[in-house]
Amino acid sequence: MARHSQETVIGQITSVFGVKGWLKVYSYTDPKDGILEYRDWTLVHNGQRIPAKLEEGRRQGQGIVVRLKGIDDREVARTYSGADITVPTTELPELPDGEFYWHQLEGLTVFTVDGECLGKVDHMIETGANDVLVVRATEASIDQRERLIPYLPDQAVISVSLAEGSITVDWDPEF
C-alpha cells in the first residue's frame with residue numbers, strides 16, 4: 001500500500017462484529033484504545049481511499065470495536081475488512097524530546113558507531129520485550145543482509161537524527 005507522506009497508519013479493520021455493522025479494529029496506537037481519539041479516518045482498501053467518520057467505539061475483550069457513520073449492516077461492514085486506517089500526521093500528539101513515531105524512523109539510514117552503513121529502516125515490529133528495527137540493505141550498505149536491531153535507546157540505538165535522516169547504532173555488523 002502506498003502511504004501518503006502526510007498521514008500515518010494507526011490501525012487496521014480486521015473483521016465484522018455483531019449484526020449491526022460494527023467492526024473489529026486492530027489498533028497500532030499505545031494505548032490500544034487511543035485510536036478512538038481520532039474521529040476522521042481515511043480507510044485505504046484495495047487501492048481506494050475512503051473517508052470515514054468514527055461514530056463510536058469501545059474496548060471489547062482484548063480488542064477494539066467501532067461503528068462508522070453510515071455503516072449499519074453486517075454485509076456492508078464486511079467489505080471494509082482488511083482496510084488500513086490512516087489519519088493526518090498533524091493530528092498525532094507531539095512527543096517529548098527523544099521519542100519518535102514509527103513512521104518517523106522508517107526510511108532512515110542506519111550507521112554503526114564506526115560509520116558503517118547497514119541499510120535503511122524498512123519497517124518496525126513490536127515484540128513483547130521491545131520494538132525492533134527491520135533494516136534492509138541498500139546499495140551503500142556494507143553487505144546485502146537484512147538485520148533486526150532492537151530499538152533500545154542509549155543501548156543499541158545511540159542517536160536518531162531526523163534532520164540528517166540517520167540512526168546511529170552500537171551493533172556488530174556480523175550479528
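The values are calculated or read from the model by the stated rules, or taken from the named source; none is laboratory data. None of these values were measured; they are calculated from a predicted model. As a convention, Cβ positions derive from the backbone with ideal geometry for all residues, glycine included, and neighbour counts pool all protein chains shown.
Within region 1-30, how many residues turn out to be part of a loop (DSSP other than H, G, I, E, B) and either touching a strand residue (DSSP E or B) at 6+ places or on another chain (Cβ under 9 Å) or modelled with pLDDT under 90 (or both)? Final tally of qualifying residues: 12. Among the candidates R49, R74, which residue alone is touching a residue at least 12 places away in the same chain (Cβ under 8 Å) and either in the same structural domain as A156 (by TED's automatic domain parsing) or surrounded by fewer than 16 Cβ atoms within 10 Å (Cβ to Cβ) (or both)? On inspection, the qualifying residue turns out to be R74.
Of everything in region 114-130, what is within 11 Å of the chain's Cα centre (by Cα) and aliphatic (A, V, I, L, M)? Give them in sequence order. Once the filter is applied, which keeps residues that are within 11 Å of the chain's Cα centre (by Cα) and aliphatic (A, V, I, L, M), region 114-130 yields M124, I125. Taking each residue of region 143-166 that is under 18 Å from E99 (Cβ atoms) and looking for partners that are exposed (fewer than 11 other Cβ atoms within 10 Å of the Cβ) with beta-carbon atoms closer than 7 Å, six or more apart or interchain, yields P153/G98. Out of the residues in region 18-32 that are surrounded by 14 or more Cβ atoms within 10 Å (Cβ to Cβ) and under 24 Å from F100 (Cβ atoms), which is farthest from the chain's Cα centre (by Cα)? Once the filter is applied, the top-ranked residue is V25. Within region 110-156, the set of residues being of a type in the set (S, T, N, Q) and crowded, with 19+ Cβ neighbours inside 10 Å comprises just one member, S141.
Filtered by the rule that a residue be in contact with a helix residue (DSSP H, G or I) (Cβ under 8 Å, 6 or more places away or on another chain), farther than 12 Å from V16 by Cα and not in a strand (DSSP E or B), region 33-78 gives a lone residue, Y38. L133 satisfies every condition listed in (1) within 15 Å of the chain's Cα centre (by Cα); (2) under 30 Å from L54 (Cβ atoms); (3) not in a helix (DSSP H, G or I) except (2).
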